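Here is the structure we will look at.
Only the coordinates and a few stated rules stand behind these numbers; no lab work does. All values reported here derive from a predicted model rather than from experimental measurement. Here the Cβ positions follow ideal geometry from the backbone for every residue, glycine too, while neighbour counts run over all protein chains shown.
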């Protein structure tokens with residue numbers, strides 16, 4: 001399965017669609033991710049999952065927890081652990097901003113999409129997000145459905 005082409009950011013590897021449903025994104029930013037060689041080769045095959053992952057701060061650094069990058073089959077004994085913790089690479093100011101948002105306002109750092117940028121570097125789009133309640137999810141779904149219906153009506157009329 002080849003990676004899909006994303007209009008904004010290069011080749012999309014994994015997209016966390018469930019996060020857009022469960023969280024309201026306050027601010028998004030791009031982070032580098034520290035990977036081993038076999039992880040990069042596995043990502044180039046286009047298979048990864050960030051749906052159940054999250055980012056946390058430990059010792060002044062941000063770590064991506066519970067992301068799944070499958071083993072690269074041709075690597076034999078030099079392979080990586082599929083669910084290992086991966087360090088996120090950000091500027092100090094960005095890291096402080098994210099950590100303050102989590103500590104002060106009770107938000108979470110949610111990975112949104114994993115992709116290769118134009119230079120071929122693996123990047124992770126993360127978002128400072130606030131959890132949605134069940135009634136908020138229903139309101140967002142109603143709004144989305146109404147926008148879709150409006151577009152349909154406009155196409156039929158115009």
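A simple spin-label model places the labels of residue 24 and residue 145 2.0 nm from each other, with each point 7 Å out along Cα-to-Cβ.
Among 101, 60, 46, the largest mean-square fluctuation in a Gaussian network model of the chain, built with springs joining Cα atoms closer than 10 Å, belongs to 60.
Its alpha carbons give the chain an Rg and a Dmax of 17.9, 62 Å.
Taking every DSSP helix (H) stretch of at least 4 residues in the chain, weighting each as -39,500 (n - 2.57) and dividing the sum by the residue count yields a mean residue ellipticity at 222 nm of -10500 deg cm²/dmol.
Among 144, 44, 20, the largest mean-square fluctuation in a Gaussian network model of the chain, built with springs joining Cα atoms closer than 10 Å, belongs to 144. Can you tell me the FRET efficiency between residue 132 and residue 71 if r is taken as the Cβ-Cβ distance and R0 is 41 Å, rounded to the nearest 0.05? Plugging the Cβ-Cβ distance into 1/(1 + (r/R0)^6) gives 0.75. Taking the C-alpha atoms only, the angle from helix 134-157 to the longest principal axis of the chain is near 60 degrees. Helix 92-105 axis versus longest C-alpha principal axis of the chain: approximately 60°, rounded to the nearest ten.
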